[in-house]
Structure formats: structure tokens, C-alpha cells
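Data block below; observations after.
The values are calculated or read from the model by the stated rules, or taken from the named source; none is laboratory data. What you see is a predicted model, and the numbers here were worked out from it, not measured in a lab. In this analysis, Cβ positions are derived from the backbone assuming ideal geometry, glycine residues included, and neighbour counts consider all displayed protein chains. Accessible surface is based on the protein model in full, side chains and every heavy atom, while ligands, DNA and RNA are left aside. Shrake-Rupley method; radii C 1.70, N 1.55, O 1.52, S 1.80 Å.
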Amino acid sequence: MAPIYMSIAVGEDRVELSTKKYVLPQRWNPAMQKVSGTGEEVRTINTYLKMMEQEVFQAHQALILENKEVTAGNIKAKLLGQDTEQHWIIEEFKDHNKKMESLIGKQYARATWKRFETTRKHTQDFIQWKYKTPDHEVSRLNYEFLENFEFYLKSVRDCDHNATMKYLANFKKVVLRCIKNGWLPKDPFAGFKLSLQEVKINVLTDHELDLITKKNFATERVGKVRDIFLFSCYTGLAYADVKKLKRSEIGKGINGKDWIFASRQKTDTDFRIPLLPEAAAILKKYEDDPQCVNMDRAFPVMSNQKMNAYLKEIADVCGIKKNLTYHLARHTFATTVTLSNGIPMETVSKMLGHKNLKTTQHYAKIVDTKISEDMDGLRKRRSRKSKMRI
């Protein structure tokens, strides 16, 4: 005996529903869509199947009268007496982000909320681009939707692979919320890989730091950019954190020396950093700066875009071939200034304001590469000396 299933299709949208009836395969008439033969049992099954067919048309009509979207899933839900209320992904995204915004400073950092808002805007733009509608029903989310979304982010939005994966990971959080509410029977992310590619991190060497420090620049503005950039190289502060750094956030630490006591704007995590002599000297240089005094700021920081433009000029003047951006300073502090000089990773992680040690561990790979290069150089030098003795 084989089970009889009903297939309901609306366009390309298709679902199946068990009739809970069974028949011998050779007795089934596929052309007539009924059981062949005579007898009471055959008539009963065929009448039941005809009744189910009629119920489908009634459910279809009911959805139209209720002004609800006619989908195969909604017809099935209507037949089973389930909730056919429509749920829309952008509406759910907005509700998710609104609740997240109300918890800024309690559970989430403002930067996290902003990333989810950016993801919501990308999702809305994608739906308009692909489906020519302002929103998309939650029940219609599937693997194909994710494939198309990934393609859109990489092609139309010109996002790199890792940025695309991060946007999709944010989107997944809202999708899982829909699944938990019972609005989506199957996880569209099942089998979809959210894999990040390893990014090569550039850092400045001690020699390059020395070149930038000793170079005299033609304009005062470029000199200021150099100073602020070097301050981050010796403290690990990101652009957003050095921009908001107040004079009141610098005080005496446990050793009686100047420390920074602040919190990261990105994660709202507190950090404490003892000032190295190089950083303290740069800070002192701006203690009488009018702009800093009036705004209670440590430095007169311009926009990140302008800072990066001047940093490219600084790299050219100093003969540095690396792509010099402000975030390179934070990487340099983590590797060249601290880890390469024997500072424990746990200590570096605390100073960088990382919530997880794994975030700091990828810097260790750079240090290992440097150790390997140095040891290879030492091995070659010792090999040459050994040959000379022989």
C-alpha cells in the first residue's frame, strides 16, 4: 500500500499534504487522479479526495476575501487550521532593530545597532532589486533567496567576501527569530556556509615607525596627522576612540604613571592602557592646543577620510610601500609594539578592549611569521660562518 499525497501549487510555490489514505500502486489512476475500480471502499476514498480538492478551492477563495497573499503555504495552513497571518521580513527586521536600539548601553553597543541597520537597508534594497516589491514574506524565504542576496551584495553593492558574510550573519539572526516564532518551518540557512576568508594584516616595522617619527613635513596639518597616528601606534586606540578621547580619561595608574581609562566605542568595552614614553610625549605636545582645550579632547582629530588621505601622503614621503590607513596603527600596536616585545597575549587583549581572546590570537600568526623570518636569517648567517671556519 502506498500513501496518497495532495500537491498544492501556486505558480512556482509548491507544498504537499498527506491525505492519510493508502492504495495499491496498480489501483491508482494518475490521469483521472483517483482510485480505479468499484466497491464501497473505492467510492469512499474517491469521494474523500474530491472533498479535499474542494476544500483547497475554498481555502484559496477565503484567502482572497481576507485580503491575504495566496501562496501554497497559506492554503495548506488554512486547510490545517493554522495561523495564516502574513509576516514580512523587513517589518520583522525593523522590530528587531527597534528593540536593539532601546537596549543600547545595556546589552548592545551603538555600533552593533548601526551594523544591523545597515544590513536591514541592504536587505530592503535587495528585495526591491530582485522581486520589485518593498518587502518579502517570511514564509517564502529559502536557500535560493540567500544565494541571490549573496550575489547582490558582492556584485551590485561591491562588498568583499567577508563583509558579505557578516551582513548575511546579521540577517540570519532575524531569520532565526522568525523560525522560533513558528513563521518559517525550515531554516533557509541549512547547508548555507557563512565562511570568512583569512585576511592578511599589514603592520609597520620598528624601522618604518622610526622613519615616520623623524620625518619633517612641509605643513603643520600633515604633522598633526602623523602625531595622532603614532599615538595610536603606541596605544592601540582605533580612530573612533582617539577622536572621542577626553583629557579627563587620562589619569594616574597603579604605578603612578599616566594611563588611559576609557571604553571602546565599537563594543562599549572598558580598557586601561599605560602610556609609553612615545605616547606621553605626543600627548604633552597638544596640551595647550586651543581646539583641544575648548572641546576637552586629547587631540584635534579630523575626519577618518581626511586622515587616511594624509596618511597616504605620509607613506609616499617616507618611502613606505604599504597601504597606510589609520587602522594600521592598531595592528602595529598589537604586533610590533607589544606581542613582538614579549607582552603576554592576555595583557594585549585587555589593552585592545577585546571581549574574546580569539580576536587577539590572529595577531600571534603575524608574530610567528616574524619569528620564523628572523630565525631563518639567523640560520643562514650561522651557516655562512660555519662554512668560513671549515
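Any idea which residue in segment 210-220 is least open to solvent (accessible area, probe 1.4 Å), counting only those that are in contact with a helix residue (DSSP H, G or I) (Cβ under 7 Å, 6 or more places away or on another chain) and not β-branched (Val, Ile, Thr)? First the steps, then the outcome.
Let us first name the residues in segment 210-220 that are in contact with a helix residue (DSSP H, G or I) (Cβ under 7 Å, 6 or more places away or on another chain), namely 211-213, 215, 217.
Filter again for not β-branched (Val, Ile, Thr), leaving 211, 215, 217.
Numbers: 211: 66, 215: 74, 217: 41 Å².
Taking the candidates together, the pick is 217.
Being in a loop (DSSP other than H, G, I, E, B), among the basic types (Lys, Arg) and at pLDDT below 95, is that true of even one residue in segment 178-186? Show your work before the answer.
In the first step, residues of segment 178-186 are kept if they are in a loop (DSSP other than H, G, I, E, B); the result is 181-186.
Subsequent filtering for residues that are among the basic types (Lys, Arg) retains 186.
Next cut, at pLDDT below 95 only: 186.
Within segment 178-186, one or more residues are in a loop (DSSP other than H, G, I, E, B), among the basic types (Lys, Arg) and at pLDDT below 95.
Determine if segment 18-26 includes at least one residue that is small (Gly, Ala, Ser) and touching a helix residue (DSSP H, G or I) at 6+ places or on another chain (Cβ under 8 Å). No, segment 18-26 contains no residue that is small (Gly, Ala, Ser) and touching a helix residue (DSSP H, G or I) at 6+ places or on another chain (Cβ under 8 Å).
Just one of the numbered conditions (1) in a loop (DSSP other than H, G, I, E, B); (2) under 35 Å from the mean Cα position of the chain (by Cα); (3) surrounded by fewer than 19 Cβ atoms within 10 Å (Cβ to Cβ); (4) not small (Gly, Ala, Ser) is not true of residue 287: (2). I need the full set of residues from segment 104-124 which are open to solvent by 60 Å² or more (accessible area, probe 1.4 Å) and either in contact with a Lys or Arg (Cβ under 8 Å, 6 or more places away or on another chain) or at pLDDT below 95 (or both), in order please. Scanning segment 104-124 gives 106, 107, 110, 114, 115. Whether any residue in segment 324-336 is of a type in the set (Phe, Trp, Tyr) and open to solvent by 20 Å² or more (accessible area, probe 1.4 Å) is what I want to check. Among the residues of segment 324-336, not one is of a type in the set (Phe, Trp, Tyr) and open to solvent by 20 Å² or more (accessible area, probe 1.4 Å), which makes the answer no.
When 2, 31 are screened for being touching a Leu at 6+ places or on another chain (Cβ under 8 Å) and either of a type in the set (Ser, Thr, Tyr) or over 22 Å from residue 80 (Cβ atoms) (or both), only 2 passes. Pairing each residue of segment 118-130 that is touching a residue at least 12 places away in the same chain (Cβ under 8 Å) with any residue that is open to solvent by 20 Å² or more (accessible area, probe 1.4 Å) and hydroxyl-bearing (Ser, Thr, Tyr), provided the two are 6+ apart or on different chains, yields C-beta distances under 8 Å for 118/167; 119/167; 122/167; 127/133. Residues in segment 319-329 that are modelled with pLDDT of 90 or more and not in a loop (DSSP other than H, G, I, E, B): 328, 329.
Residue by residue through segment 149-160, note down the ones that are surrounded by 14 or more Cβ atoms within 10 Å (Cβ to Cβ) and not hydrophobic (A, V, I, L, M, F, W, C).
First, pick out the residues of segment 149-160 that are surrounded by 14 or more Cβ atoms within 10 Å (Cβ to Cβ): 149-150, 152-154, 157, 159.
Result: 150, 152, 154, 157.
From (1) surrounded by 13 or more Cβ atoms within 10 Å (Cβ to Cβ); (2) more than 18 Å from the chain's Cα centre (by Cα), pick out the condition that doesn't hold for residue 181. The single condition residue 181 does not satisfy is (1).
For segment 337-355, the set of residues classified as surrounded by 13 or more Cβ atoms within 10 Å (Cβ to Cβ) and among the small types (Gly, Ala, Ser) consists of 340, 349, 353, listed by residue number. When residue 196 is tested against (1) touching a residue at least 12 places away in the same chain (Cβ under 8 Å); (2) exposed (fewer than 13 other Cβ atoms within 10 Å of the Cβ); (3) outside any loop (DSSP other than H, G, I, E, B), just one condition goes unmet, and that condition is (3).
Scan segment 32-91 for residues that are free of Cβ contacts under 8 Å to residues at least 24 places away in the same chain, part of a helix (DSSP H, G or I) and either open to solvent by 50 Å² or more (accessible area, probe 1.4 Å) or over 30 Å from residue 171 (Cα atoms) (or both) and the total you get is 19.
I'd like the residue in segment 307-323 that is without any contact (Cβ under 8 Å) to a residue 24 or more places away in the chain and over 25 Å from residue 260 (Cα atoms) and, out of all such residues, is surrounded by the fewest Cβ atoms within 10 Å (Cβ to Cβ). Step through it out loud before you land on a result.
So the first thing to find is which residues in segment 307-323 are without any contact (Cβ under 8 Å) to a residue 24 or more places away in the chain, and the list is 308-309, 312, 315-316, 321.
Applying the additional criterion that residues be over 25 Å from residue 260 (Cα atoms) yields 309, 312, 315-316, 321.
Working: 309: 12, 312: 13, 315: 20, 316: 11, 321: 8.
Among those that are without any contact (Cβ under 8 Å) to a residue 24 or more places away in the chain and over 25 Å from residue 260 (Cα atoms), it is 321.
Scanning segment 222-263 for residues that are assigned to a loop (DSSP other than H, G, I, E, B) and either surrounded by fewer than 20 Cβ atoms within 10 Å (Cβ to Cβ) or without any contact (Cβ under 8 Å) to a residue 40 or more places away in the chain (or both) yields a count of 7.
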